[in-house]
Structures are given as C-alpha cells and as structure tokens.
Amino acid sequence: MSHIDKRALSGLKVVEFAHVIAGPLAGTLLADLGADIVHVEDPGRGDPQRNAGPAKDGVHLWWKVAARNKRSVTLNLRTEEGRDLARKLAVWADVVICNFRVETLEKWELDFTSLNKINPKLIMLQVTGFGNSSSKRNSPGFGKVGEAMSGVVNITGFPDGPPVHTGFSHGDSVTGLMGAYAILAAAYRKNNDPDFQGEWIDLALYDGLFRLVEWQVIFYDQLGENPTRAGNQLAAAPAAVINTYMTKDDRWITVTSGTPRSVQNVATLVGEPLEDYATPAMQVQHRERLDELVRQWIKAHTLDECVAEMDRLEVVASPIYTVEDILKDETYRERENVIEIEDPDLGPVRMQNVFPRLTNHTGKVWRTAPSLGEHNDSFYAEDLGISQDGIAELRAAGTI
C-alpha cells in the first residue's frame, strides 16, 4: 500500500469488528494517518451506517466519509467457520476494534482473553455502552445515552428550557477520538516495552465526555454545587460576555471574552466605561448589562459591519458558520481544511481533510469508503494467504 508508506501510522494493522460510528471512527482517524484498516462487515448486509443519512441517486453520503481510507471484507461471525477466520485476522493485526456486547464476544471466543492467547501482543479496543466492569456490561447503549450519563446534556441549553443534545453524534464521536488516543498510547508502550503482553482498552460511551467536563466532580465535591444550564455562558467560569446575537441582516454571531482585556474590548465596542470592568468580580457584576448592550449594538449593524469593527477593536467574535459559509471561508481555504477527491459513484466530492496535521508525516485521504466486500479477494489472498479455491469455498458457504 505505497500510498501510505510515508504516513505517520504506516505499518499499523487494524481489524474492525465494529459498526456504526464510535468504534469505526477510531479506525478512520488512524486510517487518515496511514494505518491499514480492514473493516469487517456482514455478508450481504454490511455495516448499518452504509444506509444512514441522506442519499444522492441512491448513494448514501455519510458513509463515503465515515469509512474512507479503509478496506472492506465480509465475514459471517455467526458461524464457526467465520469465527475461525476472524481469529486469523486477529493474528494478522496489531489492533482489533470491536463494539459487540461483551457476552457475545465471550460466547464466540473473540474476547480479549481468547485473542490474546493467539496474539500475545494484541491491542484491543472494546467499546460498550457502560463498560465491561459495570453490572450493565451486556446492556445495549448508544451515544446519546452516553451523552446523558456524562453530565454534558445537563449543562447544555438555557435555564428555562430542557436539557439539549448537540446536533451530531457527540458521544460517539468523542468516544472514537478517545479510542484512537488510547490505541496510540498502547502502541507506544508495545514499541518500547519488550515485556508487553497485550492491552485491552475498556471504553464506555460516557467515559470520554465525562473526562472532558473536568471541573464538574470537584465542584460538587468541594462546594456541593450541581452545575446547571447557563445558556451560552460557561457554567464553570461565568464571564462578562459569551453569547450569540442576531445582526441587522438576520445573521448570527458569537462574541466571547475570557480575559480582563477581552472584556474591556467588548465594553469599548458599546461605549461602556472601562472602570466598570476593571476586575473579574466587576465584570461578572455587570455581565447582564453588557450582554444587553452588545445585543442592541449588533442588532443595529450588519454582519460585515460587526466583523470589521470587532476586528479593529480586537473583540473575539465569529459569525456562526453554515456549511456554505465554511466552503467559502478564507481561513478554511488557506489551511486546505476541505479537500476534493474522486468517488467511483459520485465523481468529485468534497469532505474534511485529515486532522490533526503533522508537518513531516502528514495524513492523506486517498480514497472514499469502499464498497461492501470490495477487498475480499485481495485481502484474504495476499494478507492471509488463502488460496483462490479456498476463497471460493468461503464465498459458496456464505462465510464471506
């Protein structure tokens, strides 16, 4: 796979016995930086995410990004022949990513204990709703439940309104990111510890978000405070101005201030006396007044006028972007955050570039998502050493 030879993770071999967002996203993030990801799917049906979201001419769009840079093979894990082949994949791999229920993996003897016996250096990421050490280890879970459990939803929204989830798969996405991070930590240890005996990463869908809201537990522990919804303000650190405002031409803009100087710049914008905002305590005291003055000032100006004047006064602000705005934006264009790539079904398509950007070992989007089982013949033959007759027998038996 010469197209990824110079990528940061070139040579890292990963098998995904996982579907729908969290586990596969961890793999995609690794694939963007050069890891060889083999995505294992049910024969005939495939990953349910293939059919999620809007489609164009019958071609589902989300999947084209979600499974980019991967190889797809099919394998029926519900048969003994399929599980035998799955074990061969686990021996081939450095990393296995899975999100089946714990009891299912144990019944199939595809759990970490079983696979570690045949691949003593194996790293395994296991994503579940509530974690293996929980009494709910075999209960089904989705990202939104993880968001609710994490404490994030409780502090999202306005005080007089209901708790609000974000408009994308927040819990799943953070879990995928945390999973990729954990895999790389384990891979570092493997490469630097001659006594490495494998690693099992037990990741629940609430873990990542719970960790990122790092102040909530210690606030409650030490102050007895249960953080509640504060609208666009930061619940942990109320500042003088953090809010969204509508402009004269009905566009939305965010204004934020997190330092005394930035608050005073906002005060200058609306003609407020700076001495009223000399200390953090005074800034919090006058927050509501300043917020209302900013709202009135922005409503009296167009978005372009707001941006120009705020730039001049170094007020930290930004229009609230739509995707159309993103694709027109100079910063996005300068940093090549959006790339265009050829897709066999859709022709040229645009999607996000690789993040984060490594200067000397940069990642690359080298293909959109594969078709179902596209790499059956090449992977099983070239990587696992199965003969063409053997592959034909597996196909005839419905194993692949």
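Observations, loosely collected:
- Cα point-scatterer Debye curve for the range 11-142, base-10 log of I(q)/I(0) at q = 0.14, 0.19 Å⁻¹: -0.63, -1.13
- Point-to-point label distance, Lys88-Arg289, nm (Cα→Cβ direction, 7 Å offset): 7.7 nm
- Directionally averaged shadow of the range 219-346, computed from the convex hull of its alpha-carbon atoms, nm²: 11.8 nm²
- Theoretical FRET efficiency, 1/(1+(r/R0)^6), r = Cβ-Cβ of Ala381 and Asn337, R0 45 Å, to 0.05: 0.75
- Potential extension, Glu305-Val213 segment - 0.36 nm per residue separation minus Cα distance: 29.6 nm
- With only the Cα atoms considered, the chain has a convex hull volume of 185 Å³ per residue.
- Computed from the alpha carbon positions, the gyration tensor of the range 291-400 leads to an equivalent ellipsoid with semi-axes of 52, 16, 12 Å, biggest first.
- Remark: spin-label model distance Ala185-Leu313 equals 4.4 nm, labels positioned 7 Å along the Cα→Cβ axis.
- Long-range amide H partners of Val338 with built H, under 5 Å: Asn353
- Here the label points at Lys136 and Asn51, each 7 Å from Cα along the C-beta direction, are separated by 2.8 nm in the simple model.
- Inter-centroid distance (Cα atoms) of the range 156-225 relative to the range 321-374, Å: 26 Å
- Between Leu9 and Gly34, Ala35, the built amide H atoms are under 5 Å apart, and every one of these is 5 or more places off in sequence or on another chain.
- Set of lysines near Lys299 by C-alpha distance (under 28 Å), chain-local residues within fewer than 8 positions excluded: Lys248, Lys328
- Acute angle (nearest 10 degrees) that the helix 303-313 long axis makes with the longest principal axis of the chain, alpha-carbon atoms: 80 degrees
- Entries in Lys64/Lys364; Lys6/Lys364; Lys6/Lys70; Lys13/Lys121; Lys13/Lys70; Lys144/Lys364 that, when Cα-Cα distance is taken, lie over 22 Å: Lys144/Lys364
- Under Stokes-Einstein, with the Kirkwood radius over Cα pairs as Rh, the value for the range 153-260 at 37 °C and 0.692 mPa s is 190 µm²/s.
- Contact order, relative form, for the range 299-400: 12 percent (alpha carbon pairs under 8 Å, 6 or more residues apart, mean separation divided by residue count).
- At most 14 other Cβ within 10 Å, DSSP loop - trypsin sites (Lys or Arg not before Pro), the range 60-144: Arg78, Lys121, Lys136
- For His19, solvent-accessible area (1.4 Å; no DNA, RNA or ligand), Å²: 70 Å²
- Note on the range 61-118: Kirkwood radius taken over Cα pairs, Stokes-Einstein applied at 25 °C and 0.890 mPa s, translational D equal to 193 µm² s⁻¹.
- When the helices of the chain are scored as -39500 (n - 2.57) per DSSP H run of n ≥ 4 and the total is divided over every residue, the value at 222 nm lands at -10500 deg cm²/dmol.
- Under the criterion of Cα pairs below 8 Å and six or more residues apart, the relative contact order for the chain equals 19 percent.
- Heavy-atom accessible surface of the range 137-261: percent carbon and sulfur, 1.4 Å: 58 percent
- Net length available on complete extension from Gln388 to Met351 is 9.7 nm, with 0.36 nm assigned per residue and the Cα-Cα distance removed.
- Phi-derived couplings, Karplus 6.51 cos²θ - 1.76 cosθ + 1.60 at θ = phi - 60°, listed residue by residue for the range 90-98: 5, 5, 5, 7, 8, 9, 10, 10, 9 Hz, with x used for Gly and Pro.
- Cα long-axis angle, helix 22-32 against the chain (0 to 90 degrees, to the nearest 10): 90 degrees
- Residue by residue, the range 217-223 carries 3J(HN,Hα) couplings of 5, 5, 4, 5, 4, 9, 10 Hz when phi is fed to the Karplus relation 6.51 cos²θ - 1.76 cosθ + 1.60 (θ = phi - 60°); x denotes Gly or Pro.
- Protein-only accessible surface at a 1.4 angstrom probe places the residues Arg357, Arg50 in the order Arg357, Arg50, largest first.
The values are calculated or read from the model by the stated rules, or taken from the named source; none is laboratory data. Fair warning: this is a prediction, and the values are worked out from it, not measured in the lab. Don't worry about glycine lacking a Cβ; one is built from the backbone with ideal geometry, like all the others, and counts go over all protein chains shown. Side chains included, ligands, DNA and RNA excluded: accessible areas come from the protein's heavy atoms. Shrake-Rupley method; radii C 1.70, N 1.55, O 1.52, S 1.80 Å.
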